[in-house]
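The values are calculated or read from the model by the stated rules, or taken from the named source; none is laboratory data. Not measured: the values here are computed from a predicted model. All Cβ positions, glycine included, derive from the backbone under ideal geometry; neighbour counts span all protein chains shown. These area figures cover heavy atoms from the full protein model, side chains too; ligands, DNA and RNA do not enter into them. Shrake-Rupley method; radii C 1.70, N 1.55, O 1.52, S 1.80 Å.
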Amino acid sequence: MPEMPEVQGLVDYLGGRLVGRRITKARVSAISALKTYDPPIESLEGATVTAASRHGKFVDLATDTGTRLVFHLAKAGWLRWYDTLPATVIRPGKTPIALRIGFDDDSGFDLTEAGTKKSLAVYVVRDPAEVAGIARLGPDPLDPSFDRATLAGLLAGRRTQIKGVLRDQSIVAGIGNAYSDEILHAARMSPYALAANLDDEEVDRLYAALSATLTEAVSAASGKPPADLKDAKRRGMRVHGRRGEACPVCGDEVRSVFFADNSLEYCPTCQTGGKLLADRRLSRLLK
Ligand SMILES: [Zn+2]
């Protein structure tokens, strides 16, 4: 699943290629992916792209007609870029392609979604705030105004686990399961620590880890073509997705906790004083 750094990489890539390009084709093949009906998607045809930007994990392409194409790739969605868009006809229901956008230099992209659980979302709007998921976003951690005091304010009084706080888009925008694992590892903090209980020194550490992890990941993603972004993300991970491997900081074995449809990874020595966190799946079976 792409998170803020990969989405920023996509936005940089698209911005560099699409600003000034006219949209010649806008077709939805997975109708369930299109969440808006007014303006219609065809109204994008003929419009010229003026900017590409990011809101949390949403991509926003603005045009000179005031109509914008906004999308969220969700868990299994991706963007496939073409210097020359294939002429093949997309048959709805027979392809992972959900949306195809073409431009006046014959370039274009498809939004694709693998798997059966469809959650890729496309919006055609006049204002990004019309998208509920954007309207409720918390502050962006890479915004220059997001300082230590901002983070301390977001944590204060929240008696919930820090892992969940970091992933909650309405509290902080753009962080998902992978980067929250990485940030907590860099901060040497248990994913189960309660946000409200962090002392000043822990908030310092968390703020430094959050800024450094995301800045590093954005710079690794920037300038990469979409096809390389997933590998770049995987390569940058120190604990996430690395169960059973050695922690690059201390050499202890990276452990997982499994949930219904995902898992988190952590290093016991770095993060929990050597304690193993209960595997939720296992403890449920033992009840
Ligand atoms: Zn470690």
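Listed values, structure above:
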read-out	value
Strands (runs of 3 or more DSSP E) wholly inside the stretch 39-124 containing at least 1 residues that are polar (S, T, N, Q)	49-55, 58-63, 108-113
Of the criteria (1) open to solvent by 50 Å² or more (accessible area, probe 1.4 Å); (2) part of a helix (DSSP H, G or I); (3) more than 27 Å from L79 (Cα to Cα); (4) among the hydrophobic types (A, V, I, L, M, F, W, C), which one C250 fails	(2)
Selection status of R54, surrounded by fewer than 16 Cβ atoms within 10 Å (Cβ to Cβ) and under 20 Å from the mean Cα position of the chain (by Cα)	no
Boolean, E216 is under 20 Å from P141 (Cβ atoms) and open to solvent by 60 Å² or more (accessible area, probe 1.4 Å)	yes
Lone qualifier among L184, L264, L206 - being within 25 Å of H55 (Cβ to Cβ), in contact (Cβ under 8 Å) with a residue 40 or more places away in the chain, hydrophobic (A, V, I, L, M, F, W, C) and within 16 Å of the ligand (Cβ to nearest atom)	L184
